[in-house]
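**Q** If you scroll down you'll find the structure; I have some questions about it.
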Amino acid sequence: MKTVLQVEGMMCAHCKAHVEQALRKVPGVETAEANVEEKSALVTGTADRAALIAAVREAGYEAK
């Protein structure tokens with residue numbers, strides 16, 4: 001399953017890596033790829049959308 005999240009607050013490669021790292025810690029995530037320019041993150045796996053959003057918010061970014 002693929003999930004796309006809109007992520008506000010990413011401005012650089014460090015932010016991208018921080019968001020990806022937070023998403024990869026969520027149980028059920030197979031891959032996570034953030035895109036700074038598009039302000040988004042593409043996640044594959046069986047993780048719950050609410051858990052993904054919570055992980056991004058805990059990392060200090062806004063997710064929808």
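**Q** Take the chain, drop everything but the C-alpha atoms, weight them equally and run the Debye formula without solvent; then report log10 I(q)/I(0) at 0.14, 0.18, 0.25 Å⁻¹ to two decimals.
**A** -0.29, -0.49, -0.99
**Q** Just to confirm the filter: which GluC sites (Glu not before Pro) across the stretch 35-64 are DSSP coil and have at most 13 other Cβ within 10 angstrom of their Cβ? Intermediate results must be reported in sequence, preceding the final value.
**A** Values: sites: GLU37, GLU38, GLU58, GLU62; in loops: GLU37, GLU38.
Taking the stretch 35-64 and a limit of 13 other Cβ atoms within 10 Å, the loop GluC sites (Glu not before Pro) found are GLU37, GLU38.
**Q** Another question about this same structure. Pairing the Cα long axis of helix 13-24 with the longest principal axis of the chain, what angle in degrees results, from 0 to 90 and rounded to the nearest 10?
**A** Between the helix axis and the principal axis of the chain, the angle is about 10 degrees.
**Q** Taking the Cα centroid of the stretch 43-64 and of the stretch 11-32, what is the distance between the two, rounded to the nearest whole Å?
**A** The distance from the Cα centre of the stretch 43-64 to that of the stretch 11-32 comes to 9 Å.
**Q** Separate question: Quick one: pull the percent of accessible area on the chain belonging to carbon and sulfur, 1.4 Å probe, ligands and nucleic acids left out. Kindly include the intermediate steps, with their values, before the conclusion.
**A** Numbers: 2090 of 3870 Å².
Carbon-and-sulfur percentage of accessible area, whole number: 54.
**Q** Around GLN21, what is the net charge, scoring Lys/Arg as +1 and Asp/Glu as -1 over all other residues with Cβ under 13 Å from its Cβ?
**A** Numbers: positive: LYS16, ARG24, LYS25; negative: GLU20, GLU33, GLU58.
Once positives and negatives cancel, what remains is 0.
**Q** Helix 49-58 against the longest principal axis of the chain: what's the angle in degrees, Cα atoms only, rounded to the nearest 10?
**A** 40 degrees
**Q** Whole number in Å², please: accessible area per residue of the stretch 1-42, 1.4 Å probe, ligands, DNA and RNA not counted.
**A** Details: 2680 Å² over 42 residues.
Roughly 64 Å² per residue, with all protein chains present.
The values are calculated or read from the model by the stated rules, or taken from the named source; none is laboratory data. Everything numeric here is computed off the predicted structure, so don't read it as measured data. Cβ coordinates were reconstructed from backbone atoms using ideal geometry, including for glycine residues, and neighbour counts include every protein chain displayed. Surface areas here come from the heavy atoms of the whole protein model, side chains and all, with no ligands, DNA or RNA. Shrake-Rupley method; radii C 1.70, N 1.55, O 1.52, S 1.80 Å.
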